[in-house]
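Data block below; observations after.
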Amino acid sequence: VRAKVMQVEQNPDVGYEDIGGLDEQLREVRETVEMPMENPELFDSVGIKPPSGVLLYGPPGTGKTMMAKAVAAQTDATFIKMAGSELVHKFIGEGAKLVRDLFQVARDHEPAVVFIDEIDAIASKRTDSKTSGDAEVQRTMMQLLSEMDGFDERGDIRIIAATNRFDMLDRAILRPGRFDRLIEVPKPDEVGREQIFEIHTRGMNLADDVDLGTLARETDELSGADVKAICTEAGMYAIRDDREEITMEDFRRAEKKLEQSDTDAGEVSK
Ligand code: ATP
């Protein structure tokens, strides 16, 4: 059961230089997660405790998982990921036990960065219905809170949670000593998108006419994950045409294709 829901990576292959447009957010993550791991004495001498948990919130595909991985890589910590939805939906009745297992695995692999994606699945505002599913979710969340409350902040385990649904969160998890540092991770602005295009085209064989600044201007509202998808798709067009160089036209076609698939997806979900 454990192996299926928990992803454990010893040396995640992501660095800060692979993340575009989130300078301020990265600074905060480094200050709250990296510094206490690398320089605990700084906190001791000033006499403050570092935050126990950090919550990243914002739309999907904006780099939240990447940031958690990068900070684990930077601190030579084991990266342990679990999705809140899997905790409660995949193995009904096992949520609380999985949370206990999660923290046990973290203790066995110190230093460790524990990343809980989709935290809203276990920490939503209480609903009125008293279904058994709800009770199970509550138990899972209580277990998480008690693991965090019983935590020695000096330990070498840091917890990062992420959500796309900040509005849904039960405020209990945001109390001091829990996820008491909130970092908003928005979609990139134009400058951010250009950086992300640069990152994902680093290894690509670009024709002279490719202008990443123009592409960044044309992709308003897209996430980092969308920008990455455009780069990959542009490469696919070149391969299909038997070319080694990727042209501006390939990127344009990739943009259109992404727009189209978004529209289609929108229609399906209606
Ligand atoms: P979700 O909420 O869907 O889990 P997320 O915010 O955790 O999303 P990631 O998994 O970090 O998103 O991003 C998905 C992929 O999109 C990354 O592996 C990366 O290739 C690309 N990406 C997203 N944001 C950025 C960024 N800011 N810089 C560079 N690449 C990015």
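Numbers for the structure displayed
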| quantity | calculated |
| --- | --- |
| GNM top mover of SER223, SER45, SER85 - the chain, alpha-carbon springs below 10 Å | SER45 |
| Alpha-carbon spread of the stretch 27-74, three principal axes, descending order, Å | 38, 19, 15 |
| Kirkwood Rh in Å, taken over the chain so that all alpha-carbon pairs contribute | 20.2 |
| Debye intensity ratio in log₁₀ form over the Cα atoms of the stretch 1-98, taken at each q of 0.22 Å⁻¹ | -1.18 |
| Förster radius 35 Å - calculated FRET efficiency between ASN11 and VAL191 (Cβ-Cβ, nearest 0.05) | 0.70 |
| Karplus-derived 3J(HN,Hα), 6.51/-1.76/1.60, for each residue of the stretch 242-257, Hz, glycine and proline x | 6, 10, 9, 9, 9, 9, 4, 4, 4, 5, 4, 5, 5, 4, 4, 4 |
| Theoretical ellipticity at 222 nm over the chain - DSSP helices of four or more residues, -39500 (n - 2.57) apiece, nearest 500 | -14500 deg cm²/dmol |
| All Cα pairs of the stretch 143-270, percent lying beyond 25 Å | 47 |
| Rounded FRET efficiency, nearest 0.05, which uses the C-beta distance separating ASP242 from ASP23 and R0 of 41 Å | 0.55 |
| Summed side-chain charge close to VAL71 - residues other than VAL71 whose Cβ falls under 14 Å, Lys, Arg +1, Asp, Glu -1 | -3 |
| Inter-label distance, nm, simple model (7 Å from Cα along the C-beta direction), GLU249/LEU174 | 5.1 |
| Longest exposed-site-free window of the chain, the sites being GluC sites (Glu not before Pro) in a DSSP loop that have at most 12 other C-beta atoms within 10 Å | 1-220 |
| Nearest-0.05 FRET efficiency for ASN205 and SER85, computed from C-beta distance (R0 41 Å) | 0.60 |
| Sequence of MET67, MET248 once ranked by neighbouring C-beta atoms within 10 Å, starting from the fewest | MET248, MET67 |
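All of the numbers you see were taken from the coordinates with simple rules; none came from a lab. What you see is a predicted model; the values in this text were computed from it and never measured. Heads up, the Cβs are rebuilt from the backbone with ideal geometry, glycines too, and the neighbour counts pull from every protein chain shown.
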